[in-house]
Amino acid sequence: MANVVVVGSQWGDEGKGKFVDWLSERADVVVRYQGGHNAGHTLVIDGVVYKLSLLPSGVVRGQLSVIGNGVVVDPHFLVDEINRLRGQGVTITPDNLRLAENAPLILSLHRDLDAFRENANSGLKIGTTKRGIGPAYEDKVGRRSIRVMDLAEPETLMTKIERLLTHHNALRRGMGLPEVEAQVIYDELMAVADDLLPFMDRVWHLLDAKRRQGARILFEGAQGALLDNDHGTYPFVTSSNTVAGQAATGSGLGPGSIDYVLGITKAYTTRVGEGPFPSEQDNETGQFLGERGHEFGTVTSRKRRCGWFDAVLVRQTVKTSGISGIALTKIDVLDGLDEIKVCVAYELDGERIDYLPASMGAQARVKPIYETLEGWSETSAGARSWADLPAQAVKYVRHIEELIGCPVALLSTSPEREDTILVQDPFQD
Ligand code: GDP
Ligand code: IMO
Ligand code: MG
């Protein structure tokens with residue numbers, strides 16, 4: 001029985017939400033396994049828009065949805081998101097939502113630290129979402145996190161908070177920030193404990209049992225492979241592993257539980273925040289793509305940087321995530337362009353290279369080498385079969401497949417769930 005991982009193959013916002021929703025009809029369980037509410041996943045179902053950040057996208061269809069141990073959870077945000085979705089008519093109860101007992105919590109002091117570092121005029125600006133993601137993961141690997149299960153043990157919670165504050169208050173003193181009282185954190189946590197604890201579960205055990213029963217598991221990645229802490233454009237990355245291998249670690253299943261990796265891939269490229277972007281078009285083309293594609297961040301409303309499709313990057317992330325097939329999205333945004341460029345290699349210090357170098361300096365220096373393809377004047381928007389697509393659009397898709405060395409399994413031609421062309425069903429692989 002196939003289990004599928006959905007990952008972003010670029011810098012995020014490729015359209016993962018749409019495809020998790022599309023695939024969740026075929027799945028029994030949907031699992032988030034990394035990141036947090038830095039993610040913003042948009043689903044459009046019969047004209048109704050759902051925006052999810054922390055909840056797995058499967059929750060909208062009422063599928064069993066799991067927030068795994070690899071996710072960092074802002075408990076107040078989670079309660080608010082549950083209530084917001086309930087307000088849209090979505091049913092969310094412990095019957096269809098489970099939260100890993102060993103997931104680390106994001107606290108107010110993590111948000112403070114994230115924002116302070118980003119606003120400071122010294123050091124490296126990453127352009128984070130300021131939601132405390134990085135500082136929460138730092139505490140996780142630093143072995144001082146407060147985790148979901150700690151809410152169920154109030155008698156020892158204060159000791160854990162004091163241990164955490166030994167670290168944070170030293171940091172805060174050094175940065176000229178006021179110290180935090182343990183009682184403030186304790187109260188902040190106790191205020192949400194009753195709302196969250198009913199969802200708490202031994203997720204590794206639940207998923208193992210589901211797997212044994214033959215259930216199909218859909219893993220929902222957040223961000224994209226180029227934001228991966230190891231394989232991305234470090235240090236301009238997020239603080240988790242976003243590649244598909246993390247699906248196992250972040251949920252408590254073994255690596256053998258992954259059968260198919262679907263890499264969601266935008267037909268051009270976007271990025272939010274700072275960092276290298278070789279094919280960026282800070283010009284009329286970028287503006288065209290941004291306006292046509294409504295490229296504004298779901299989480300921070302920041303304008304996304306836009307550029308041409310970069311086959312060098314996707315060819316590389318196909319490998320680092322072990323992508324089996326891609327879902328190519330937003331091809332409709334290219335409708336009406338006379339010509340379309342695709343980055344096929346880089347020039348680095350006078351040499352042609354076919355990969356993204358690892359060093360920050362070299363990443364900033366690479367110059368894109370483009371191929372120019374003919375555009376199309378007809379519309380691809382809303383196409384539901386290959387026959388509905390302009391001939392040049394089909395050529396573009398075929399050419400991308402060749403350049404990245406990976407087949408297109410699905411094609412998306414609008415935000416709507418139904419405007420999708422199926423080539424190969426990841427669950428039937
Ligand atoms: P995610 O973070 O990967 O889930 O992506 P986002 O939801 O942040 O951003 C993708 C945006 O593109 C959303 O607004 C989607 O509704 C929209 N979208 C997805 N697929 C398509 C498509 O094929 N065409 C167009 N025009 N929009 C799409
Ligand atoms: P989805 O799941 C696009 C970016 C931020 C910043 C960097 C680090 O919707 O694709 P962080 O707050 O994670 O420490 O910020 O990562 N970033 C995203 N960009 N889509 C996302 O998620 C992102 N999540 C984080 O803009 O550059
Ligand atoms: Mg997004």
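Give the angle, between 0 and 90 degrees and rounded to the nearest 10, that separates the Cα long axis of helix 108-119 from the longest principal axis of the Cα atoms of the chain.
The angle comes out at about 50 degrees.
Provide the per-residue ³J(HN,Hα) series for the range 68-78, in order, calculated from phi with Karplus coefficients 6.51, -1.76, 1.60 and θ = phi - 60°, each as a whole number of Hz, with x at glycine and proline positions.
Running phi through 6.51 cos²θ - 1.76 cosθ + 1.60 with θ = phi - 60° gives x, 5, x, 8, 9, 10, 7, x, 5, 4, 4 Hz.
Using label points projected 7 Å from each Cα along Cα→Cβ, tell me how many nm separate Asp194 and Gln424, to one decimal.
Here the modelled spin labels are 5.3 nm apart.
Enter the Cα centre distance for the pair the range 366-380 and the range 106-146, rounded to the nearest angstrom.
39 Å
Determine the shape class of the range 282-332: with a ≥ b ≥ c the square roots of the Cα gyration tensor eigenvalues, call it rounded for a/c under 1.5, and otherwise prolate if a/b is greater than b/c, oblate otherwise.
Judged from the Cα gyration tensor, the range 282-332 comes out prolate (a/c at least 1.5, a/b above b/c).
Which of Leu313, Leu177, Leu227 moves the most in a Gaussian network model of the chain with Cα springs under 10 Å?
Largest GNM mean-square fluctuation: Leu177.
Could you go through the range 255-270 in sequence order and give the Karplus-derived ³J(HN,Hα) for each residue, using 6.51 cos²θ - 1.76 cosθ + 1.60 with θ = phi - 60°, rounded to whole Hz, and x for Gly and Pro?
x, x, 7, 9, 9, 8, 10, 9, x, 7, 9, 7, 6, 9, 10, 9
What is the local net charge at Leu289, summed over the other residues whose Cβ is closer than 15 Å to its Cβ (Lys, Arg +1; Asp, Glu -1)?
Spelling it out: positives minus negatives among the neighbours equals -4.
As a test of understanding, state the convex hull volume per residue of the range 154-293 from its alpha carbons, in Å³.
219 Å³
With both partners inside the chain, how many of the DSSP beta bridges are antiparallel, as a percent to the nearest 5?
40 percent
How high is the relative contact order of the chain, in percent, counting Cα pairs under 8 Å that sit 6 or more residues apart?
21 percent
Would you mind checking the pairs Lys266/Lys395; Lys51/Lys210; Lys210/Lys330 and listing those with alpha carbons more than 24 angstrom apart?
Over 24 Å Cα-Cα: Lys51/Lys210; Lys210/Lys330.
Using the crude model of +1 on Lys and Arg Cβ and -1 on Asp and Glu Cβ, and no other charge, please compute the dipole size for the range 266-428 relative to its Cα centre, in debye to 20.
It comes to approximately 520 debye.
Whole-Hz ³J(HN,Hα) for each residue in the range 287-304, computed from phi via Karplus 6.51 cos²θ - 1.76 cosθ + 1.60 with θ = phi - 60°, x for glycine and proline: what do you get?
Here the 3J(HN,Hα) series is 5, 4, 5, x, 6, 4, x, 6, 8, 10, x, 5, 8, 10, 6, 6, 5, 7 Hz.
First measure r as the distance between the Cβ atoms of Glu162 and Asp187, then evaluate 1/(1 + (r/R0)^6) with R0 = 22 Å and state the FRET efficiency to the nearest 0.05.
E between Glu162 and Asp187, to the nearest 0.05, is 0.95.
Grab the Cα-Cα distance for Arg26 and Asp354, subtract it from 0.36 nm times how many residues apart they are, and report the gain in nm with one decimal.
114.4 nm
Name the residue, out of Val318, Val366, Val184, whose mean-square fluctuation peaks in a Gaussian network model built on the chain with Cα pairs under 10 Å.
Maximum fluctuation in the GNM of the chain, among the listed residues, is at Val184.
Just for the Cα atoms in the range 108-196, what are the lengths along the principal axes, largest first, rounded to whole Å?
Computed over the Cα atoms, the extents are 41, 24, 23 Å.
Please give the FRET efficiency for Tyr370 paired with Asp259, using the beta carbon to beta carbon distance and R0 = 30 Å, rounded to the nearest 0.05.
0.25
If each residue of separation counts as 0.36 nm, what is the full-extension length gain between Met149 and Arg417 once their alpha-carbon separation is subtracted?
Contour length minus the Cα-Cα distance gives 92.8 nm.
Which residue, Gly361, Gly290, Gly12, has the most motion in a Gaussian network model of the chain that connects Cα atoms within less than 10 Å?
Judging by the Gaussian network model, the answer is Gly361.
Between Gly325 and residues 5 or more places away or on another chain, which pairs have amide H atoms under 5 Å apart, with H built 1.01 Å from N, and which residues are they?
Val261, Gly263
Skipping prolines and chain starts, which residues have an amide H placed within reach, meaning under 5 Å, of the one on Ile45, given they are 5 or more residues away or on another chain?
Those lying under 5 Å, H to H, from Ile45 are Tyr50.
Tell me what the chain gives for mean residue ellipticity at 222 nm when only DSSP H runs of n ≥ 4 count, each as -39,500 (n - 2.57), the sum divided by the residue total, rounded to 500 deg cm²/dmol.
The helix-only estimate for the chain comes to -9500 deg cm²/dmol at 222 nm.
I'd like the orientation of helix 391-404 relative to the chain: the angle between its Cα long axis and the longest Cα principal axis, in ° from 0 to 90, rounded to 10.
Value to nearest ten degrees: 60.
Which far-off residues, 5 or more places away or on another chain, put their amide H under 5 Å from the one on Val66, with H placed in the peptide plane?
Counting only residues 5 or more places away or on other chains, the set is Val30, Val31, Arg32, Arg98.
List residues of the range 329-344, by number, whose backbone nitrogen lies under 17 Å from a label position 7 Å along Cα→C-beta of Glu291.
333-339
So, in Å, what gap is there between the alpha-carbon centers of the range 256-318 and the range 16-61?
19 Å
Between Glu179 and Tyr234, how high is the FRET efficiency from 1/(1 + (r/R0)^6) when r is the Cβ-Cβ distance and R₀ = 41 Å? Nearest 0.05.
0.80
So if I take the alpha carbon set of the chain, get Rg, then get Rh from the Kirkwood formula, what is the Rg over Rh ratio?
Checking Rg against Rh, the ratio lands at 0.97.
Based on alpha-carbon positions alone, could you give the equivalent ellipsoid semi-axes of the range 266-428 from the gyration tensor, as √(5λ), descending, whole Å?
25, 19, 16
With a ≥ b ≥ c taken as the square roots of the eigenvalues of the C-alpha gyration tensor of the range 17-100, please select rounded if a/c is under 1.5 and otherwise prolate if a/b is larger than b/c or oblate if it is not?
rounded
Where a number appears in this text, it was derived from the coordinates with a stated rule and is not lab data. On a predicted model such as this, the values are computed, not experimentally measured, just so you know. With ideal geometry, Cβ positions are generated from the backbone for all residues, glycine too; neighbour counts draw on all protein chains shown.
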